[in-house]
Amino acid sequence: MLELLIVISIVALLLVLVGPAFTTIKGGTDVTSAAYTIKGVLDTARTYAQANNTYTWIGFFEEDVSSATPGTAGTGRLVMSIVASKDGTKVYDTNSTSIDPTMLIQVGKLVKIENIHLGLLPLGTGTPPGDTFDSRPLPTPAPVNDSRFGELNGPPAATAPTTNSQYPFQYPLGSPAPLAQYTFQKTLQFNPRGESNINSGLGVGPVTYYDVKRIVEVGLQATHGTQVDTISPNLVAVQITGFGGSVKIYRR
């Protein structure tokens, strides 16, 4: 009997020690899976723009993982949407306050990724060989946050991009325009050449514009419900080049 109690105690102790390891492994799997999903969305939008000689946009929205559709801004679930111009033009101009939903078409389904947060990760050094998480290319030029997607619901200066798009778009689309379930204020655009442009920075006065950046980065962290896992070493950065439009994943 004593031997059995000892064995049970040892098993219980092992479960306590091994449990956090399983949590970390699951978190790493979620982050890696999310990175490849995002890469797929970026590749789809770029390919569509080139193949159809048009403009496409990807919207990023992070919502409370416990909320239903339409969700409320928060933490734990990333929502992404791809839309394209019907007539091949940019659709918007400097006087626009949004992209007219009647002039867009939906490309694919709305994408929702659970247990993920877009965070502002430690920057890479950009030193050779530049193919690891810590040495990955550095988004430039300054301000760096205008070349990143992270802390989408943070206050100004602590969010990236630091300004909302002057040209947000909604989901769903239609003519006449239906009631919006999501309004995407953080957006990335592909032109017919496949070049990516992030909507950030300031133009003349309050006017924001789509700017070409050498590299744009999406930082990923695992979440537990609405809490960001700040302890796990599993961090993933998805980078896309401005002119080539190529996408690469860096994982710590």
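Return a yes/no flag: does the range 63-80 have any residue that is under 20 Å from Glu195 (Cα atoms), in contact with a strand residue (DSSP E or B) (Cβ under 6 Å, 6 or more places away or on another chain) and modelled with pLDDT of 95 or more. Yes, that holds for at least one residue. Of everything in the range 42-75 that's over 21 Å from Leu220 (Cα atoms) and outside any helix (DSSP H, G or I), which residue is nearest to the chain's Cα centre (by Cα)? Only one residue fits best here, namely Thr56. Cβ-Cβ distances below 7 Å connect the following pairs, each with a first residue in the range 176-188 that is under 19 Å from Arg148 (Cα atoms), a second residue that is hydroxyl-bearing (Ser, Thr, Tyr) and at pLDDT 95 or above, and a separation of six or more residues or different chains: Phe184/Ser81. Looking across the range 152-182, the residues that are more than 19 Å from Lys90 (Cβ to Cβ) and in a strand (DSSP E or B) come down to Ala160, Tyr171, Tyr182.
Contact map, the range 134-158: residues that are under 27 Å from Ala73 (Cα atoms) and modelled with pLDDT of 90 or more paired with residues that are surrounded by 12 or more Cβ atoms within 10 Å (Cβ to Cβ) and of a type in the set (Lys, Arg), Cβ distance under 8 Å, separation 6+ or inter-chain. Pairs shown: Ser147/Lys213; Ser147/Arg214; Phe149/Lys186; Leu152/Lys186.
Among the residues of the range 48-77, those that are touching a residue at least 24 places away in the same chain (Cβ under 8 Å) and either over 24 Å from Gly154 (Cβ atoms) or in contact with a helix residue (DSSP H, G or I) (Cβ under 7 Å, 6 or more places away or on another chain) (or both) comprise Tyr48, Ala49, Gln50, Asn52, Asn53, Thr54, Tyr55, Thr56, Ile58.
The values are calculated or read from the model by the stated rules, or taken from the named source; none is laboratory data. In this text the structure is predicted, and so the values were computed from the model without any measurement. As a convention, Cβ positions derive from the backbone with ideal geometry for all residues, glycine included, and neighbour counts pool all protein chains shown.
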